[in-house]
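Asks: Provided herewith is a single structure, encoded as structure tokens, for subsequent inquiry.
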Amino acid sequence: MGFLNRGNKFEIDGRTVLLTGGSYGMGRSIAALLSARGAHLILVARDPQKLHSALAFAKSHAKNPSTQRFHYISADVTSESENTRLLAEAVAWNNGRVPEIVWTNAGSASPMLYIESSIETLRKQMDLNYWGAAYLAHKTLKQWLYPETPYTHDAKPEAPRHFVVTSSVVAFTGLAGYATYGPAKTALRALCDALQHEVLLYNGARRSGKKSATAPAPFDVKIHTIYPGTIKSPGLEQENLTKHPVTHLLEESDPAQTEMEAALSAVRGLERGNYMTPTNWLGELMRLGCLGGSPKDNLVKDMLGQWLASIVWLFVRPDLEGKVWGWGKKEGMPDFKPQTK
């Protein structure tokens, strides 16, 4: 937080990044950008074939091709045991060290009318979009802060560790058609707000004059959240198969980014040291309107922007609600199309 953010707050040259959801979409582009900045990469996804292709793409962008290392792990992040396994494999590959940057980017949306969705879909959306990140956060933070081989009080200070979570702009406001997906992304925002607050306990312990029985980690831990909007990707094509016409209506004027544009916005936000990084201007407006008790990245901008956004939302929300109400009035009762599987 502060009035000005100067310098790169997300130095990754020569450091190891574990990235879930790195095989396609925005994740594939994030991997290329991290590679171009000199990071050693571990990509995680379910499909080995897509992982192999994404890793080759990332390697082609390497800043230091002769020294950078690349690895992929096929895993299902919705499983707690799989998160344990993938982190253990990552540590082993990384010469016994937990990766310095862990980015949980895995996720997918199944937008549709809520009562037409199956309970199975609701659970799957929460499992992938919330638990896939929550499991890895729990295990990573524990290993960073309380490793099997304890730290010593005279350990040499190290650069910060970064835990990054990709949420979504739907975490800022509920929209018709996203009740299947939005709650998981909103839960991620709440989790990260709490974690950002909680890690201050351990960061503060580093600076304590009192030597506790357990030595603190010799580095600070930083939490970051990314909030993409509409991204032109295979994932969007899949979403549109189940998306209700009224949701298309609500999104028709939204700015759409390429995978690389969204990835570049995310990485640049991290380099500025931001806690919350929407990837386009509409997401930034939504962020400003919903900050509440969330950490502020720039006190002046965020305070003034929140005031302005609250005025803008006086007009935007009624417009969104009017479109949904108007669709119902014009088209009548929607045909009920429940999921069959």
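Only the coordinates and a few stated rules stand behind these numbers; no lab work does. Remember, it's a predicted structure, so these values are computed and weren't measured experimentally. No Cβ is skipped: glycine too gets one built from the backbone with ideal geometry, and neighbour counts run over all protein chains shown.
Asks: May I ask for the distance between the Cα centers of region 1-79 and region 118-186, given as a whole number of Å?
Replies: Here the two parts' Cα centres lie 17 Å apart.
Asks: What percent do you get for the relative contact order of region 12-89 when only Cα pairs under 8 Å and 6+ apart count?
Replies: Details: 142 pairs, mean separation 22.8, N = 78.
The value is 29 percent.
Asks: Counting pairs of alpha carbon atoms under 8 Å apart in space and at least six apart in sequence, what relative contact order in percent does the chain give? Before the final figure, lay out the partial values.
Replies: On the way: 588 pairs, mean separation 66.5, N = 341.
Over the chain, the number comes to 19 percent.
Asks: Taking +1 at the Cβ of each Lys and Arg and -1 at the Cβ of each Asp and Glu, which of F70, P255, N203 sits farthest along the dipole of the chain towards its positive end, judged by Cα position relative to the Cα centre?
Replies: The residue sitting farthest along the positive end of the dipole is N203.
Asks: For the chain, what is the charge dipole size about the Cα centre, in debye to the nearest 20, if Lys and Arg each add +1 at the Cβ and Asp and Glu each add -1 at the Cβ? Write down the numbers at each step before the final one.
Replies: Numbers: 38 positive and 32 negative charges, 171 e Å.
Roughly 820 debye for the chain.
Asks: Taking only DSSP H segments of four or more residues, each worth -39500 (n - 2.57), what value at 222 nm results for the chain once the sum is divided by all its residues, to the nearest 500 deg cm²/dmol? Walk me through the numbers on the way to the answer.
Replies: On the way: 11 runs with 152 residues, N = 341.
Estimated from H runs of four or more residues: -14500 deg cm²/dmol.
Asks: Another one. With a cut-off of at most 12 other beta carbons within 10 Å, and DSSP calling the residue loop, which chymotrypsin sites (Phe, Trp or Tyr not before Pro) in region 301-341 qualify? Please list them. Write out the running numbers ahead of the final one.
Replies: Working: sites: W307, W313, F315, W325, W327, F336; in loops: F336.
Here the chymotrypsin sites (Phe, Trp or Tyr not before Pro) that fit, given the DSSP loop and packing criteria, are F336.
Asks: List the lysines whose Cα lies under 30 Å from the Cα of K211, skipping any in the same chain that are fewer than 8 positions away.
Replies: Within reach: K9, K139, K142, K156, K222.
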